[in-house]
Amino acid sequence: MSECHVFAPADLLPAAWRALAADGPVRTFNPALLATGDSWLLAYRVVLADGRRRLAFCRLDSLLRPVEGSVYPFSDHVRFPASSPYPEVARTWLADPRLYTWNQRCFVYWNSGWHEPRNYQFLQEFDPVTWAPAGPPRELVLDGARQPLEKNWTLFTEGNDLRVVYSAVPHRILALSLDGEGDLRCREIARTDWSLSAYPACHGGLRGGAPPVWHDGRFWSFCHSVHDGPNGYCYVANAYCFGPGPDFRPTAEPVRGLDLGLPFRRSRTFPRLNPAVDEVIYPCGAVRVGSDWWISHGINDEGCAVSRVSAAEVEATLRPRSA
């Protein structure tokens, strides 16, 4: 049976932002998760009454309790070069973080939301001890034609190589190098055109989620799908698997959604942040611990949670897919 730990927003609010809490709702949601020895690092969105999209970090102990004094207003410390060409919205709207480690270096990803004429995605290195940003953010740039809205690319490693899941359906994989300075150019190296044969078409395919995790000879990806509900869009957690390179072909597909054990679903504390969306379960991080998955996720654009789900429960939502 899945277990779900939901965090109190006040426990995740940096002291520097507490004055704003008196002016309206405190929303903390869409948390990324990274294992750090016997503790955890959580990175998450914060939206306060002024509407600005912020990112904060927090350390959790082994029991998922926020460590006193560890909440850090990360986005306050991000610095774009004065000469950078980015509009104001790209500098001040930081959404949907993902956490990564590579060769003992730490990184956080975010995107600038949905705005015209296009949005932006950034990767920021940060100090693993102080969490202070190391240098300026670097934009993730696709070689070739891009869409006006690009978001929720998920990075993973294969050996010493960095890879990116550009999309789940079709399954498109990009190569990424951190060499040099400036933009991080990504080029497509693999594509599998496939469809979900056992999952309702009304859910419209698989969308972004947590960074893939290598386990038991394949990558495990926790993501989401969306369907229409009577009161707006509903986001459902899902999982799928794919194999190693060079093809990175999907090897297991969902037959149903993944239950993350929430004690509530449609209950809200505040008015909808997005009026078109009714219910949101949004995976943003995953770690395998023993025979369980620990999955961090957002709830209804206002809450942070970490669920402990057995491997058997995850596998029960999947079926093998032939090559």
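Annotations for the structure displayed:
- Label separation (V89 vs T157): 3.5 nm, computed from points 7 Å beyond Cα along the C-beta direction.
- By average C-beta atoms within 10 angstrom, highest first, the peptides 86-94, 59-67: 86-94, 59-67
- Given charges at beta-carbon only (K, R positive; D, E negative), |dipole| of the range 3-320 in Debye: 320
- Between D127 and E188, residue separation times 0.36 nm minus the direct Cα-Cα distance comes to 19.0 nm.
- Overall form of the range 1-153 per C-alpha gyration tensor (a/c, 1.5; a/b vs b/c): prolate
- With the gyration tensor restricted to C-alpha atoms of the range 130-277, the semi-axes of the equivalent ellipsoid amount to 28, 21, 16 Å, longest first.
- Couplings 3J(HN,Hα) of the range 89-94, computed from phi: 4, 5, 8, 10, 10, 10 Hz, in residue order, whole Hz [Karplus 6.51 cos²θ - 1.76 cosθ + 1.60, θ = phi - 60°; x for Gly and Pro].
- Neighbour counts of other Cβ atoms within 10 Å put D50, D161, D96 in the fewest-to-most order D50, D161, D96.
- Dipole of the chain [Lys/Arg +1, Asp/Glu -1 at C-beta], most positive-end residue of A15, G257, V67: G257
- Per residue, the chain reaches -1000 deg cm²/dmol at 222 nm when only DSSP H runs of four or more residues are counted, each adding -39500 (n - 2.57).
- Take the Cβ atoms of F80 and V289, set R0 to 35 Å, and the FRET efficiency comes out at 0.45.
- Distance from the Cα centroid of the range 26-58 to that of the range 248-293 is 16 Å (rounded to whole angstrom).
- Residues T130, T157 arranged by fewest to most Cβ contacts within 10 Å: T130, T157
- Look at C304, C284, C234, C58 and count the other Cβ atoms within 10 Å of each Cβ; fewest to most, that gives C234, C58, C304, C284.
- Globularity index of the range 3-320 is 0.94 (Cα radius of gyration / 2.2 N^0.38 Å, N = number of residues).
- In the range 3-320, a dipole from Cβ-located charges (positive for Lys and Arg, negative for Asp and Glu) runs towards its positive end, and of V277, V78, L318 it is V277 whose Cα lies farthest in that direction.
No lab work stands behind these numbers, since they all come straight from the coordinates. Since this is a predicted model, take the numbers as computed values, not measurements. Using ideal geometry, Cβ is built from the backbone for each residue, glycine included, and neighbour counts are taken over all protein chains shown.
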